[in-house]
Amino acid sequence: MMRNWIDQTGYSLEVLSSPQRIVSLVPSITELLYSLGLGDRVVGITKFCVHPQEWFSSKTKIGGTKKIHHELIHILQPDLIIANKEENQQEDVEKLRALYPVFTTDVITIRDAIEMIEILGEVVDKKPEALHLSHRLRQDYTLLQLESELPLKPRALYLIWEKPRMAAGSQTFIHQMMQMAGLENIISGRYPEIDDETLQTLNPDYILLSSEPFPYKEKHLQFYQSRLPKAKVRLVDGEYFSWYGSRMLQAVSYFRTFKSNFK
């Protein structure tokens, strides 16, 4: 039996009531599907879908989030493909829509993430599991938000890329997670470039160097610390700041530990 759905981009699609051959083009959603207990029903993932390790080792990899190998997807013959508006190329999504049901997510806020989990849970016939997860997230993030309402939040710059240097702005999911970590994001927009002069002018209390998509290392920490000696420069796990889905549960304790280190 087929069911009609409207995805988070407003696109209408028909999906089997219990899809059996799912391809995920989004690392955080791949982990979510595992958490929902989909097992062998997920047949294809990207090379960046590193969680869980057993899926990364055993599932067919159909390329990266930006460079999808369509021929591998055709071999898999999926009855559902899950994409994301930001992480996947629009051209790829449109090509796949011509052949398969593609449910595209669009997550900017924590509320978007929780709603995505609930909707996707219904689409893949795992509604009870999805509602259990979303209930836990609503509780945890309501409490975390209360804990994060500090009288004076540290001003923070969250860097995601070098050459060009790029930061996460206020119109991103990362921005919302920074707030949960008790930080004030000093960047507006989405992912603007930050030159040396702007870096000095911003004069942040914290500079967060994410582990992804650019793999910041100790040498980068030392570079930024030398440029802004008064700032607290930290290497952070980008999965906790940018992955929506079941990874958000683990992020709660990560952010609490992070806030406990404020000086």
Handout entry: Highest to lowest packing among 99-112, 56-69, scored as the average C-beta count within 10 Å
Key = 99-112, 56-69
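Over the chain, what per residue volume does the convex hull of the Cα atoms give, in whole Å³? Don't jump to the answer; show the numbers that get you there.
Details: hull volume 33.6 nm³, N = 263.
Considering the Cα atoms of the chain, their hull volume per residue is 128 Å³.
Report Rg(Cα)/(2.2 N^0.38 Å) for region 50-153, keeping two decimals. Write out the running numbers ahead of the final one.
Working: Rg = 17.0 Å, N = 104, 2.2 N^0.38 = 12.8 Å.
So region 50-153 has a normalised radius of gyration of 1.33.
How large is the charge dipole for the chain, taken about the Cα centre, if only the Cβ atoms of Lys, Arg (+1) and Asp, Glu (-1) carry charge, to the nearest 20 debye?
Working: 31 positive and 33 negative charges, 137 e Å.
About 660 debye.
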Problem - Gap separating the Cα centres of region 193-263 and region 2-48, nearest whole Å - result: 31 Å
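Would you order H70, H175 from fewest to most other beta-carbon atoms within 10 Å of each residue's own beta-carbon?
Details: H70 13, H175 20.
By the 10 Å Cβ count, ascending: H70, H175.
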Practice task
In debye, nearest 20, what is the charge dipole magnitude of region 155-260 about its Cα centre with +1 on Lys and Arg Cβ and -1 on Asp and Glu Cβ, if you could check?
Solution key: 280 debye
Handout entry: Footprinting exposure proxy for T198, T257 (fewest neighbouring C-beta atoms within 10 Å first)
Key = T257, T198
Exercise for the section: Work out how far the C-alpha atoms of region 155-260 reach from end to end along every principal axis, then list the three figures in whole Å, largest first. Expected result: 38, 26, 23
Exercise for the section: Report the paramagnetic label zone for Q53: residues of region 210-240 whose backbone N is under 14 Å from a point 7 Å from Cα along the Cα-to-Cβ axis. Expected result: none
Practice task
Could you point to the residue in A113, I82, V124 farthest towards the positive end of the chain's charge dipole, with +1 and -1 charges on the Cβ of Lys/Arg and Asp/Glu respectively?
Solution key: A113
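The numbers here are math on the coordinates, done by the rules we state, and not lab data. This structure is a prediction, so every number in the text was calculated from the model and none was measured. Cβ atoms come from the backbone with ideal geometry, glycine included; neighbour counts cover every protein chain shown.
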